[in-house]
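Encoded as structure tokens, the structure appears first; notes follow it.
The values are calculated or read from the model by the stated rules, or taken from the named source; none is laboratory data. Predicted model only: the values in this text are computed from it and were never measured. In this analysis, Cβ positions are derived from the backbone assuming ideal geometry, glycine residues included, and neighbour counts consider all displayed protein chains. Heavy atoms of the whole protein, side chains included, go into the accessibility calculation; ligands, DNA and RNA do not. Shrake-Rupley method; radii C 1.70, N 1.55, O 1.52, S 1.80 Å.
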Amino acid sequence: MANLTQNRNTRALALAGASYVDPVAAAVRIFKGAMVALDASGNAIPAAPTAAAMRGCALDDGADNSTGAAGAASVKTNKGVFLFNQTGLDRTDIETEVSVLDDNTVGGAGALKAGILKDITSEGAWVEIL
């Protein structure tokens, strides 16, 4: 898979009630429906295996800071259970940690944990971002 190039209607099974508003890193665009992580400076970026920390899923409109300095835009993220694309997972992986492969795909192995796989269907992986 590859990072999003447009907004995505990421379905939510449940929102955990935790939402955050974070400054967006310089020259970054975060699309609606993307998994969002924080870089080493604490700025929001599209989730990637090399990110410092997982943050949530961008709902609302995402954020376009593609021409701005760090913090010139902000993005709202939510915790909860969301449907993402998946690679290499099956039903035996339910209730295990899954990792970020890109901003809309999870898999079994990787440096940045996306959350807990709650279910897997023909549509994708339902992941609880903690």
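So, residue 29, is that one under 30 Å from residue 96 (Cβ atoms) and either open to solvent by 70 Å² or more (accessible area, probe 1.4 Å) or at pLDDT 95 or above (or both) or not? Write out each step before concluding.
Details: under 30 Å from residue 96 (Cβ atoms): no; either open to solvent by 70 Å² or more (accessible area, probe 1.4 Å) or at pLDDT 95 or above (or both): yes.
The answer is no for residue 29.
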Original post:
Looking at 96, 121, which is the one that is open to solvent by less than 60 Å² (accessible area, probe 1.4 Å), over 16 Å from residue 28 (Cβ atoms), among the polar types (S, T, N, Q) and touching a residue at least 12 places away in the same chain (Cβ under 8 Å)?
Top reply: 96
**OP:** Mind listing just one residue for me: the one in region 80-93 that is surrounded by fewer than 22 Cβ atoms within 10 Å (Cβ to Cβ) and either touching a helix residue (DSSP H, G or I) at 6+ places or on another chain (Cβ under 9 Å) or not hydrophobic (A, V, I, L, M, F, W, C) (or both) and, of those, modelled with the lowest pLDDT?
**Re:** 80
**OP:** Test residue 67 against the criterion of being part of a loop (DSSP other than H, G, I, E, B), over 15 Å from the mean Cα position of the chain (by Cα) and of a type outside the set (Gly, Ala, Ser), and give yes or no.
**Re:** yes
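Limited to region 54-78, what total is found for residues that are of a type in the set (A, V, I, L, M), farther than 20 Å from residue 2 by Cα and either modelled with pLDDT under 95 or surrounded by fewer than 23 Cβ atoms within 10 Å (Cβ to Cβ) (or both)?
Pass one, region 54-78, residues of a type in the set (A, V, I, L, M): 54, 58-59, 63, 69-70, 72-73, 75.
Now narrow it down to the ones that are farther than 20 Å from residue 2 by Cα: 69-70, 72-73, 75.
If we keep only those that are either modelled with pLDDT under 95 or surrounded by fewer than 23 Cβ atoms within 10 Å (Cβ to Cβ) (or both) too, we end up with 69-70, 72-73.
The total comes to 4.
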**OP:** Taking the residues in region 39-48 that are part of a loop (DSSP other than H, G, I, E, B) and small (Gly, Ala, Ser) as candidates, determine which candidate is surrounded by the fewest Cβ atoms within 10 Å (Cβ to Cβ).
**Re:** 40
**OP:** Report yes if residue 51 is open to solvent by 50 Å² or more (accessible area, probe 1.4 Å), in contact (Cβ under 8 Å) with a residue 12 or more places away in the chain, in a loop (DSSP other than H, G, I, E, B) and small (Gly, Ala, Ser), otherwise no.
**Re:** no
**OP:** Quick one: in region 1-26, of everything that is open to solvent by less than 20 Å² (accessible area, probe 1.4 Å) and without any contact (Cβ under 8 Å) to a residue 60 or more places away in the chain, which residue is nearest to residue 76 (Cα to Cα)?
**Re:** 22
